[in-house]
Amino acid sequence: MSLNYFYLDASAWVKRYHTEIGSPWVDMFFDRAIKPQRIVTSLWSLGETFASLNRTKNRFNIPEEKFNKITFAFFSDCENLHLIPLSDNQLFKAIVYMKKFNLNSADAYHLSTILQLKETLASLNHTVILISADERLLKAAQREGINVFDPENHTLSYLQSLI
């Protein structure tokens, strides 16, 4: 039986904790895909996502008590994700993608990790789909043969078809 696994990028993940365009899609995605634990991300994403949440807290003057609840929800979600450790090999491969697609180091690292995951899952007859709202990363992933879902631009019915 073939399954879709989902690589979650910080640009989509933050929508889970702060309401913005695409947030309902990300919430639905978590509610449906987390049950069989098919959400994958890199440890790198944890830092990126938390830093983004902290910037949002400061930008919108979110009270500490509310931010503590957001932080708790974030770490609770982390317990249900497959976390890929940082890899020297993936960091070196990322340099190729920085040059090839003009990506920043974080996006290039994610792409390198997604492509390695794609190879591993293909050997098991499974697929990886990138969940991201980062246009440059989405385009680079598509050029490398990765299916994508952008919560800011794709439809709910498309997301449902993937899950």
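The values are calculated or read from the model by the stated rules, or taken from the named source; none is laboratory data. Note that the coordinates shown come from a computational prediction; the quantities given were computed from them, not determined experimentally. Don't worry about glycine lacking a Cβ; one is built from the backbone with ideal geometry, like all the others, and counts go over all protein chains shown.
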task: Return the total of residues in segment 147-163 being surrounded by fewer than 20 Cβ atoms within 10 Å (Cβ to Cβ) and touching a Gly at 6+ places or on another chain (Cβ under 7 Å).
output: 1
message: As an exercise: evaluate T19 against (1) farther than 17 Å from S76 by Cβ; (2) touching a residue at least 12 places away in the same chain (Cβ under 8 Å) and give the number of the one condition it does not meet.
response: (2)
message: Scan segment 72-83 and tell me whether some residue there is over 26 Å from I114 (Cβ atoms) and at pLDDT 95 or above.
response: yes
query: If you take the residues in segment 119-137 that are assigned to a helix (DSSP H, G or I) and among the charged types (D, E, K, R), which one is nearest to P24 (Cα to Cα)?
result: E135
task: Give me a count of the residues in segment 1-33 that are β-branched (V, I, T), part of a helix (DSSP H, G or I) and over 22 Å from P85 (Cα atoms).
output: 1
- request: Go through segment 3-16 and count every residue that is surrounded by fewer than 20 Cβ atoms within 10 Å (Cβ to Cβ) and more than 19 Å from T155 (Cα to Cα).
  value: 1
- request: Would you mind finding the one in A33, A51 that is surrounded by 13 or more Cβ atoms within 10 Å (Cβ to Cβ) and either polar (S, T, N, Q) or under 23 Å from D150 (Cβ atoms) (or both)?
  value: A33
query: Which of the residues that make up segment 104-118 are more than 19 Å from L3 (Cα to Cα) and either of a type in the set (D, E) or surrounded by 16 or more Cβ atoms within 10 Å (Cβ to Cβ) (or both)?
result: A106, D107, A108, Y109, H110, L111, S112
statement: Counting only helices (runs of 4 or more DSSP H) wholly inside segment 34-118, the ones holding at least 3 residues that are touching a residue at least 12 places away in the same chain (Cβ under 8 Å) and within 13 Å of the chain's Cα centre (by Cα) are 43-59
Single residue of segment 119-130 satisfying the filter (touching a residue at least 60 places away in the same chain (Cβ under 8 Å) and β-branched (V, I, T)) that is surrounded by the fewest Cβ atoms within 10 Å (Cβ to Cβ): T127
- prompt: How about segment 89-103: which of its residues are aliphatic (A, V, I, L, M) and buried (at least 16 other Cβ atoms within 10 Å of the Cβ)?
  reply: A94, M98, L103
field: segment 147-163, subset assigned to a helix (DSSP H, G or I) and either touching a Ser or Thr at 6+ places or on another chain (Cβ under 9 Å) or among the hydrophobic types (A, V, I, L, M, F, W, C) (or both), residue farthest from L121 (Cα to Cα)
entry: L156
message: Please pick out the residue among T19, T56 that is out of contact with any Ser or Thr (no Cβ under 8 Å at 6 or more places or on another chain), buried (at least 16 other Cβ atoms within 10 Å of the Cβ) and of a type in the set (S, T, Y).
response: T56
query: Do we have any residue at all in segment 138-146 that's modelled with pLDDT of 95 or more, surrounded by 12 or more Cβ atoms within 10 Å (Cβ to Cβ), touching a helix residue (DSSP H, G or I) at 6+ places or on another chain (Cβ under 7 Å) and not in a helix (DSSP H, G or I)?
result: yes
